[in-house]
Amino acid sequence: MDTKPQSTLPVLVEPPRGAEPHAPLGRGYFLGETRRQQPLPMRESLAKIKNWFRANSLWVMAYGTGCGGIELRPLTTARFDFERFGMAMRPTARQSNVLIISGYLAVKSLKRVIRAYEQMPSPKWVVGLGSCTINGGMYWDSYNTINRLDLYLPVDIYIAGCMPRPEALLAGFGELMAMIKRGEANGWNHYLENFDWYKENQKKVINDWNMPDYNW
Amino acid sequence: MISKLPIFGLAAVVARIAVPTLATAAGSLSAAHLLGWLGGLTAFGMTLLAVFQEDMKKLLAYSSVGQVGYVVLAMALMTPLGWTAALYYAVNHFLFKGLLFLAVAGVIYRTGVRTFADVGGLIRRMPASFIAVLIGIIALAGVPPLSGFAGKWLLYEALMDKGWLFLTAFMMFASVIAFLYCFRLIHSIFLGQLKDEHRQVREAPWPLLLAELLMIVPILVLSVRPRVLVEPLQHLVTGVFGVPGVRFASATTMTTSFGYFNAAAMMAMVVVLVVVLLVILVTAGAKPTKVNQLDIVYSGELPPSPEEVQYAWAFYRPYEKAFAPLLKARVTAFWNGVVDVVEGIADAGRRFYTGNAQTYVLYSVLFILVLAAFGLAR
Amino acid sequence: MPLGVKIAWSLVGVLVAIAYGLVIAGIIRKVMARIQGRIGPPVWQQFIDLGKVIFQRTATRHGWMFYLAPIFRAGGGIGLYLLVPVVIGVPALSNFSFDGDLLLVMYFIFFGSLGMALGAADSGHPHSPIGISRGLSQMTAYELPFALAMVAMAAEVHSFSIHDIIMVQQGGILHWNILTNPLAAIAAFIAFLGMNMYAPFNIVGAPQEIPVGPPTEYNSVFLSLMMSGRAILAVAKIVLYMDLFLGGAHSILEAFVKTFIIYFWSVFVGAVFPRFRTEQAVRFFLGWPTVAGIAGVLLVLIR
């Protein structure tokens, strides 16, 4: 697979800092990308049991993108305690299942969020928290935030409000768990199926795209 | 290895002479005991110094000195078990330290650098050297499946048998510190991030690998059957002491008055466990995708260069801080102290020469009086 | 007992030990939650986490050494468990403890740690070697009081055999080593805190600085094996402590009760203490716990 971004749009491609020494053996800036994963068949054996396990052990990526991050912290405290639902904060993307986009998302953050999302193992879910992820909210005409999150990442569930209280978050997580058990929360597969569309949208707003184009 | 030669010399000398015993107020203090603590302190101190080296060969050199400390300690035990342990340890150390020196020499030969911070991730380019170093450090650390454990086991059994309890615990402590530099050695050279200038490095030359293989084979044989070495050594030692320290309950089980250890069963257990778990890991769950070297969790970023994500310099900084009082250079302070004492004495002596003629007269009178006193006493 | 039957019993024992380890880890999460005034996860939460991790649909790996960490972590735990007798007088539950003495067991604890360190360092993540450098530093430090206590135990019965050490403690609670040599027991039980890596000695996975320490890059099936390995390692250590200090166990029920009590010692300490820095932890272990250990050995010598 060619390592250069494949968008047909005019995208300014700057090699990452110190990129030249990293391009040995003529394999591009990123040491050769690993093949992109194809969408998985959604039917799997024992899906109900597996989904029950997945729903009852949601590990949340400890990452607050916007002001909504402040609403996540109370979830670990005695008053709200999301650990009773089997949820926990994980500081590393490789072990997380849920990515919460907490509020407005600056374009710079979007870049990091995409990479964190792609490093998470499937199945994984995105929770849009607050109005800003739906239509931009009070930042809808800001020069450096995105307005609609689902153009860039497959959102499984939105929790509306500005900001939603931790109770609303818990209700949203309950709904997400119910969706996972029903086998409906398949945004991660949707992302793979429409990978090119998502990448095109992402590169439209991220001008200094210097990341590999993979997903697993 | 040259560093082992004095051990055999020491053995030859100690075997012939009676051990002098100093009678002190607190009981008898054996010279053997002193030699034992000397060996123990050598092992501890040199191991500690090896941990903080930034240079591969210096690390191995300090480590060798420390290991000879164990041999001296075992030799000082003056028991058949201790001597068996010492000789086994010396032979075994020759094997694994030779292996480590050869493998590290291959790395230095191919990369041209000796500092840990300048290499890294070489497992991708030099897998055979990596395996050699891996076997070497496992044997050095004395972790069970390989031959190093039998050496440690013999040493501790001998120490306990002799009743040197504090030295036993102290040696356990010192040999665990050796893990630190073992890990340092293999991690900083072979694991972590491969540097860009080493992407074309080739495997060590085959004569070197062949020599390493010649070291590895005896290590593996000893790991499964330490008896093949322990028995002849025991035979030698029996010539001096008359009674054997180690008995063989079965073909592979060694017993002493203190404990027992079945090397082959140990090896079998480890191999079976590793194979079974590997099969489970490969067959169960999702098939893993191999990701790139720089594709790590880096707060949603791509690491800018391998150097920036390779943790190699001052690897045990907190440990150094913890042991700071022990590691302070003391030679300068010692000589400064000597200078202070000499100056103090000289200063005290200078006070007699007041420059006043009357004091000198007084000294003369006092001198004559003292002489007269002696004369009267006579 | 034929070898085949013995292996079968050991396999059953290993599975039970993993399950037990996961349950006590779940109970710990519950207890911690209650101490903090929360409801906390169900006690079987660890099983759900394990199942979730196994059922993940994708996984990533680095080099081939990446496989080594979970294998050695689990292998070290299982091997340690197999070398420690669980119930006295029941050959099926004494595992393979006649193939090695206390020294072998002491060194087998390191087998898992060192293998885990090697594998995790291959992931190329800087947090792995940082965590390992902290972990190994702490390991050497608690080794001194631990070794002193072990030496005291072994010198008492003039044997490194765990069976002999258990047998000398029979005949009532007053014969237990924790009461006959309390100083060595203090040293060993403080070393146990460092071994278990709960607060104040949780400097390896220090959650605020180096996210989860060495296993930062591990996921799905690798992580599941690591979790099971950690569970059985914890069980093996507490069984060892039970054998050495609490007089072993005559029945499975007794073993459960005693191991539970030993484990909760570290949990209750961990619940109320903040974390040491690495050099503070090292100095701590080389301080009073070592003095206690030396006193314990002296107690044996003068007796």
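Here the Gaussian network model covers chain B, with springs between Cα atoms less than 10 Å apart; of B:Arg247, B:Arg351, B:Arg125, B:Arg351 fluctuates the most.
Surface burial for A against C, with a 1.4 Å probe and both sides summed, reaches about 2600 Å² of accessible area. Partner shielding of C:20-30 amounts to 0, given as the average count of beta-carbon atoms from other chains within 10 Å of each residue beta-carbon. Equivalent-ellipsoid semi-axes for chain B (Cα gyration tensor, √(5λ), whole Å, largest first): 52, 33, 17. In this label model, B:Ala128 and B:Val243 are separated by 5.0 nm, measuring between points 7 Å along each Cα→Cβ vector. Of the DSSP H helices in chain C, those that are both long (alpha-carbon extent of 18 Å or more along the helix axis) and hydrophobic (Kyte-Doolittle mean at least -0.5) are C:3-35, C:68-83, C:102-121, C:127-157, C:182-196, C:220-245, C:252-272, C:288-302.
Label separation (B:Lys321 vs B:Lys287): 4.7 nm, computed from points 7 Å beyond Cα along the C-beta direction. Quick check on segment B:165-234: take the gyration tensor over C-alpha atoms, sort the square-rooted eigenvalues as a ≥ b ≥ c, and tell me if it's rounded (a/c under 1.5), prolate or oblate. Since a/c reaches 1.5 but b/c is at least a/b, the shape of segment B:165-234 is classed as oblate.
Of the residues B:Phe367, B:Phe101, B:Phe166, the one that moves most in a GNM of chain B with alpha-carbon contacts below 10 Å is B:Phe367.
The phi torsions of segment B:128-138, fed into the Karplus equation with coefficients 6.51, -1.76 and 1.60 and a -60° offset, translate into couplings of 5, 4, 4, 5, 4, 5, 4, 4, x, 6, 5 Hz, rounded to whole numbers, with Gly and Pro shown as x.
Taking all protein chains together and a 1.4 Å probe, the residues B:Val68, B:Val107 rank B:Val68, B:Val107 from largest to smallest accessible area. Computed over the Cα atoms of chain C, the ratio of the radius of gyration to the Kirkwood radius (Rg/Rh) comes to 0.96.
Mean per-residue shielding of peptide C:210-220 is 5, counting Cβ atoms of other chains within 10 Å of each Cβ. Close amide H partners of A:Ile159, meaning residues 5 or more places away or on another chain with modelled amide H under 5 Å apart, are A:Gly128, A:Leu129, A:Gly130. Taking chain B as the reference, fit the longest principal axis to its C-alpha atoms, fit the long axis of helix B:165-190 to the helix C-alpha atoms, and give the angle between the two in degrees, 0 to 90, nearest 10. Result, in degrees: 50.
Take each residue of peptide C:141-150, count the partner chain Cβ atoms within 10 Å of its Cβ, and average: the result is 5.
Give me the Kirkwood hydrodynamic radius of segment C:85-188 in Å, from all C-alpha pairs, to one decimal place? Kirkwood radius, segment C:85-188: 15.8 Å. Near the amide H of B:Ala286, within less than 5 Å, lie the amide hydrogens of C:Val221, all on another chain or at least 5 residues away, with H placed in the peptide plane. Considering only GluC sites (Glu not before Pro) in DSSP loops that have at most 16 other Cβ atoms within 10 Å, the longest stretch of chain B without any of them is B:1-202.
Read phi for every residue in segment B:78-92 and hand back ³J(HN,Hα) as whole Hz from Karplus 6.51 cos²θ - 1.76 cosθ + 1.60, θ = phi - 60°, with x for Gly and Pro. Rounded to whole hertz, the list is 6, 10, x, 5, x, 5, 4, 4, 4, 5, 4, 4, 5, 5, 4. Surface composition of the protein assembly as shown: carbon plus sulfur atoms hold 67% of the accessible area, using a 1.4 angstrom probe and ignoring ligands, DNA and RNA. When the other protein chains are added to the chain by itself, burial of at least 10 square angstrom of heavy-atom accessible area (probe 1.4 Å, ligands and nucleic acids ignored) affects these residues of segment B:304-323: B:Pro304, B:Glu308, B:Val309, B:Tyr311, B:Phe315, B:Tyr316, B:Pro318, B:Tyr319, B:Lys321, B:Ala322, B:Phe323.
Each residue of segment B:101-106 was assigned a 3J(HN,Hα) from its phi angle through the Karplus expression (A = 6.51, B = -1.76, C = 1.60, θ = phi - 60°), giving 4, 5, 5, 5, 4, x Hz with x at Gly and Pro.
Largest mean-square fluctuation among C:Gly37, C:Gly100, C:Gly76, in a Gaussian network model of chain C whose springs join Cα atoms under 10 Å apart, belongs to C:Gly37.
Could you work out how far helix B:148-162 tilts from the main Cα principal axis of chain B, as a 0 to 90 degree angle to the nearest 10? Taking the Cα atoms of chain B, the angle to B:148-162 is about 40 degrees. Summed over both chains, the area buried between B and C is near 6500 Å², taken from the accessible surface of protein heavy atoms with a 1.4 Å probe. Between B:Thr332 and B:Leu210, the FRET efficiency from the beta-carbon distance, with R0 = 35 Å, is close to 0.15.
The three principal axes of the Cα atoms in segment A:121-185 give end-to-end lengths of 39, 26, 16 Å, sorted in falling order. Residues whose amide H lies under 5 Å from that of C:Ala59, counting only those 5 or more places away or on a different chain, are B:Thr289; hydrogens are built 1.01 Å from N in the peptide plane. Using the Cα gyration tensor of segment A:57-205, with a ≥ b ≥ c the square roots of its eigenvalues, what is the shape: rounded (a/c below 1.5), prolate (a/b larger than b/c) or oblate (neither)? Note, shape of segment A:57-205 comes out oblate.
Need the full-extension length gain, C:Phe268 to C:Leu298, defined as separation in residues times 0.36 nm minus the C-alpha distance. One decimal, nm.
Extending this stretch completely gives an extra 7.8 nm.
How would you classify the protein assembly as shown from its alpha-carbon gyration tensor, with a ≥ b ≥ c the square roots of the eigenvalues: rounded for a/c under 1.5, else prolate if a/b is greater than b/c, otherwise oblate?
prolate
Rolling a 1.4 Å probe over the protein heavy atoms gives segment A:57-205 an accessible area of 36 Å² per residue. Here the sum of -39500 (n - 2.57) over DSSP H runs of 4 or more residues, divided by the residues of chain B, equals -22000 deg cm²/dmol at 222 nm, to the nearest 500. Rounded to 0.05, the FRET efficiency of the A:Ala78 and C:Phe260 pair, given R0 = 30 Å and the Cβ-Cβ distance, is 0.70.
The values are calculated or read from the model by the stated rules, or taken from the named source; none is laboratory data. From a predicted model like this one, the values you see are computed outputs, not experimental measurements. Methodologically, a virtual Cβ is constructed for each residue, glycine included, from the backbone with ideal geometry; neighbour enumeration extends over all protein chains shown. What goes into the accessible areas is simple: the full protein's heavy atoms, side chains included, and nothing from ligands, DNA or RNA. Shrake-Rupley method; radii C 1.70, N 1.55, O 1.52, S 1.80 Å.
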